[in-house]
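Encoded as structure tokens, the structure appears first; notes follow it.
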Amino acid sequence: MLLSQKIKINVSEQDAATLEFMQGKCRGLYNWWVMRLRNGEHWNIKIAKKSLRESKAYDPDLNFVYGKLLAEVYFRLEKAMQAFFERVTPGEKKPGFPRFKPRHQFFTLCYPAMYLEVQGNTLILPTGGGGKWGPKGYPNIVAHLTETPPEHFREVAVSRDACGNYYCSFVYDDAEQHQDQDPKENTRKKREQRPMREDGTMAFDLGIKTLATGVTDQGRFYHIGGFKGYRYYNKQLDKLRSKRDRCKKKSRRYIHLSKVYKRVSERKRNKQRDCLHKASHLIAGKLAERAVVIGDLSQRQMVMKKKESETPKERNKRRIRNRMVYNDWGLYGFVQMLEYKCLRFGKELYIISERDTTKMCSACQNKQDMPLWKRTYRCSNENCGLVMDRDENSAVNIRERFLARLGPHT
Ligand SMILES: [Zn+2]
């Protein structure tokens, strides 16, 4: 399957300026087209690509941008437009028209592999012009890779993080790599291969407090805690922001504090992503059950709405929680990671309706309200009297629903 390896690159100041120039021009072209499309122009990629000549005549600087990068802009627009058309057809409320790419974000540059050269740990990224294409405005970029790239790759995307570091992401097919390429990694992979229980099932309840609570068809429970450092980081970030906002805009201290803020939030994001990777890897790669079942998140109403008359305590609670859902939670990313990791490890991921799974008693199917602060499920049915952890109860329900759906004979 297709995987991607992201490697940090070191470039000279001049080459960094070249990258900035090229991404700026690519973004300009992209946004110009978005503007035209927003004004009702018809999108046709062939006609659009042909118009590049006119665009170059209008802005000769485009000649200094590598041609394949400009071509990629049209493919990106095509993808965005096709996705938009797909969203329109089911008749959803907000299909979301392709947006302008903001100036402060780096416009990712996509190089097709066949025009790239890797020598040792050096990668040459071409710029526009040269030969029959006229004078070169900028010399080719020499990127020093900090890790060894995969042997056969298909595409390289150049990006930049908030701190101004540049990265190359190599897209490659893991089946095309040589078996004996890295002996160390191979032994590690072999060790990780565990016997799989073909008919085993593992159901997970995904949540805020614990990232995932799972139960197997044999009744064994797993608790996967998730990222713990929100408070530590959020406190720092809030402090930095309030300090910054008291400074004069664009002053030296303001710029310095902005930089620190970016660095800390980058660190928080990395930690969080790493944590989600580890958790999804544990589920997809380490646990023995072949079928992995999770509830459908799109049905969940996670964000709290503002009440008419709210006490300060309620207000604070709503703010903290909505911040978690919007910024920190990352469950959607987690599901995406699970999807591809399950595919990679030969497991099956099922996403089923999770309606009432928290409200229902897993022993007697009795339903009762379960406000979020109730962490333990105490069944109100006198004859049942089940007492169970809220998330465990929900995981059992998801498992039972999945097994019932399959029917007795499969
Ligand atoms: Zn019960």
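Residue order by solvent-accessible surface for CYS247, CYS26 is CYS247, CYS26, largest first, with ligands and nucleic acids left out and a 1.4 Å probe.
Where only DSSP H runs of four or more residues are counted, the chain gives -13000 deg cm²/dmol as its mean residue ellipticity at 222 nm, each run worth -39500 (n - 2.57).
By the Cβ distance rule of under 4.7 Å, the chain has these cysteines without a partner: CYS26, CYS110, CYS163, CYS168, CYS247, CYS275, CYS342. The residues VAL158, VAL11, sorted by heavy-atom accessible surface at 1.4 Å with ligands and nucleic acids left out, run VAL11, VAL158 from largest to smallest.
On a 0 to 90 degree scale, rounded to 10, what angle separates helix 230-245 from the longest Cα axis of the chain? Between helix and principal axis, roughly 50 degrees. Ordered by 1.4 Å accessible area with all protein chains kept, CYS163, CYS168 run largest first as CYS163, CYS168.
Note on segment 71-141: Cα-only Rg and Dmax are 17.8, 52 Å. Given a 1.4 angstrom probe, I'd like the percentage of the accessible area of segment 335-410 that is carbon and sulfur, rounded to a whole number. Its accessible area is 49 percent carbon and sulfur atoms.
Taken per residue, the accessible surface of segment 1-146 reaches 60 Å², heavy atoms only and a 1.4 Å probe. Expressed to the nearest 5 percent, the antiparallel share of DSSP beta bridges inside the chain is 80 percent. Longest exposed-loop-site-free stretch of the chain, with GluC sites (Glu not before Pro), DSSP loop and at most 10 other Cβ within 10 Å? Counting at most 10 other Cβ atoms within 10 Å as exposed, the longest clean stretch of the chain is 93-307.
Quick check: the distance between the Cα centres of segment 124-176 and segment 271-308, to the nearest angstrom? Comparing the Cα centres of segment 124-176 and segment 271-308, I get a distance of 34 Å.
In a DSSP loop and with at most 12 other Cβ atoms within 10 Å, the trypsin sites (Lys or Arg not before Pro) in segment 272-307 are LYS305, LYS306, LYS307. With Cα atoms defining each centre, segment 1-63 and segment 233-259 are spaced 33 Å apart in the structure. Listed cross-link partners LYS6/LYS101; LYS235/LYS367; LYS228/LYS259; LYS209/LYS347; LYS6/LYS79; LYS94/LYS249 are compared with a 31 Å cut-off, the Cα-Cα value being larger for LYS235/LYS367; LYS94/LYS249.
The values are calculated or read from the model by the stated rules, or taken from the named source; none is laboratory data. This structure is a prediction, so every number in the text was calculated from the model and none was measured. No Cβ is skipped: glycine too gets one built from the backbone with ideal geometry, and neighbour counts run over all protein chains shown. Protein only, heavy atoms only, side chains kept; ligands, DNA and RNA dropped before computing areas. Shrake-Rupley method; radii C 1.70, N 1.55, O 1.52, S 1.80 Å.
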